[in-house]
Amino acid sequence: MIGVSSEMSIKDISFEVSVEDSLKNLKPHPKFNTCSFENYYPDQKYKSQAEVKELLFNKINKLNSKKNSLLIKKRSFFDFFSKRSSNNRLQNIKNVYLDGGYGVGKTHLLAACYNIAECKKAFMSFSEMCYYINYLGINESIKIFSKYDLLLIDEFEIDDPATVRMMAKFFEEINKNTLIITTSNTLPSDLGKDRFQADEFKREMGVIANTFKVVKIDGEDYRRKKKEIVKNIENGSFEIAYGEYECTGSRKKCLVNFEELMNQLEQIHPFRFYLIPEHIEALFIRDFKPFPMLNTALRFTYLVDMCYYYNTKLFIKSVYKLDDIFSREMIESCFEKKLKRCLSRLGEISTFYER
């Protein structure tokens with residue numbers, strides 16, 4: 001085995017972090033922290049990609065100028081855009097709802113906004129935002145997030161009626177000087193469709209829809225331009241793989257039984273889950289089993305999101321197939337998109353062992 005200095009137990013992690021300190025973590029995680037407008041390359045076959053890039057860049061620069069009273073005089077690579085652009089009418093939009101399919105660069109652009117914004121800002125997934133609101137309460141959350149100049153919310157989705165009411169109140173009462181940019185692959189008019197009786201919440205859905213101007217970004221999934229991701233199954237020994245794994249940075253490797261991991265997740269609030277991949281480069285999970293309850297499955301799904309953002313590798317020993325971990329009832333529930341996204345990300349960041 002590699003020296004014990006490269007190892008840690010899940011119990012070694014201190015989850016005693018305050019809300020104030022955890023809010024400082026609302027920023028692009030390692031997978032996206034180098035994203036910029038310069039390294040976002042629009043597909044010339046889809047005009048909307050260049051238009052959205054211009055729109056967001058200009059909006060953030062306008063926000064910077066307003067906050068800092070600074071005019072950017074230096075010519076940038078964006079000067080090649082015509083001032084008479086057909087997209088010019090979008091420059092007066094306040095909040096932006098960026099709608100587009102998978103793999104067209106929505107999260108990249110959102111992270112780029114964060115990286116050039118010179119103001120009080122926060123970048124988070126929609127799930128992350130909901131966990132904070134559930135923990136703090138809606139009124140305290142509105143008070144806290146109203147202090148931000150820029151909120152960047154990735155993967156906006158509505159799963160259930162409670163979320164509809166919560167988000168409608170949030171958007172109604174948030175500081176009107178706070179710029180909100182969100183991404184989604186579902187139009188506001190289709191949020192909640194086939195998940196619950198959305199037409200019973202017309203007022204609330206109207207509040208959410210009216211908060212934003214929808215900006216469409218077209219394109220092909222960039223991942224499909226690369227080699228298709230295939231589930232990585234190893235025939236070797238899980239235990240030997242753990243022993244031979246050598247960490248590349250300051251983070252460590254961790255070996256944990258599935259039940260021990262889930263018991264730990266039950267004891268801490270999800271907004272603190274980021275501390276696991278923050279400390280762990282490679283998480284080895286032994287005796288992985290299907291989830292008996294939806295609540296437990298959703299906690300694990302959020303952990304997978306955090307590991308994905310932090311580039312934490314997962315090594316899983318199980319006699320079960322990946323498609324077996326969520327029951328049919330779970331997949332057909334209102335959380336279908338979350339669970340399928342989890343399966344997709346597991347297929348990308350995990351290696352599976354049968355022995």
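The values are calculated or read from the model by the stated rules, or taken from the named source; none is laboratory data. Treat the numbers as computed from the prediction; the structure is a model and nothing was measured. Ideal geometry is used to build each Cβ from the backbone, glycine not excepted, and the neighbour counts take in all protein chains shown. Side chains are part of the model used for accessible areas, which takes the heavy atoms of the whole protein and leaves out ligands, DNA and RNA. Shrake-Rupley method; radii C 1.70, N 1.55, O 1.52, S 1.80 Å.
Observations on the structure shown:
- Residue satisfying condition, being modelled with pLDDT under 95, of a type in the set (Phe, Trp, Tyr) and touching a Ser or Thr at 6+ places or on another chain (Cβ under 6 Å), within set 271, 288: 271
- Filtering 16, 7, 38 for residues that are without any contact (Cβ under 8 Å) to a residue 24 or more places away in the chain and over 17 Å from residue 183 (Cα atoms) leaves a single hit, 16.
- Some residue of segment 259-276 being of a type in the set (D, E, K, R) and either in contact with a Pro (Cβ under 7 Å, 6 or more places away or on another chain) or under 16 Å from residue 351 (Cβ atoms) (or both): no
- Condition check for residue 251: within 25 Å of residue 131 (Cα to Cα), touching a Pro at 6+ places or on another chain (Cβ under 9 Å) and not polar (S, T, N, Q): no
For every residue, the table says whether it meets (1) outside any helix (DSSP H, G or I); (2) crowded, with 16+ Cβ neighbours inside 10 Å.
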position: 14; (1), (2): yes, no
position: 21; (1), (2): no, no
position: 25; (1), (2): yes, yes
position: 45; (1), (2): yes, no
position: 51; (1), (2): no, yes
position: 55; (1), (2): no, yes
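- Counted as qualifying within segment 234-349 are the helices (runs of 4 or more DSSP H) with 2 or more residues that are of a type in the set (Lys, Arg), on the phi < 0 side of the Ramachandran plot and surrounded by fewer than 20 Cβ atoms within 10 Å (Cβ to Cβ), namely 336-349.
- Candidate set from segment 185-195 (those that are part of a loop (DSSP other than H, G, I, E, B) and open to solvent by less than 30 Å² (accessible area, probe 1.4 Å)); member that is modelled with the lowest pLDDT: 192
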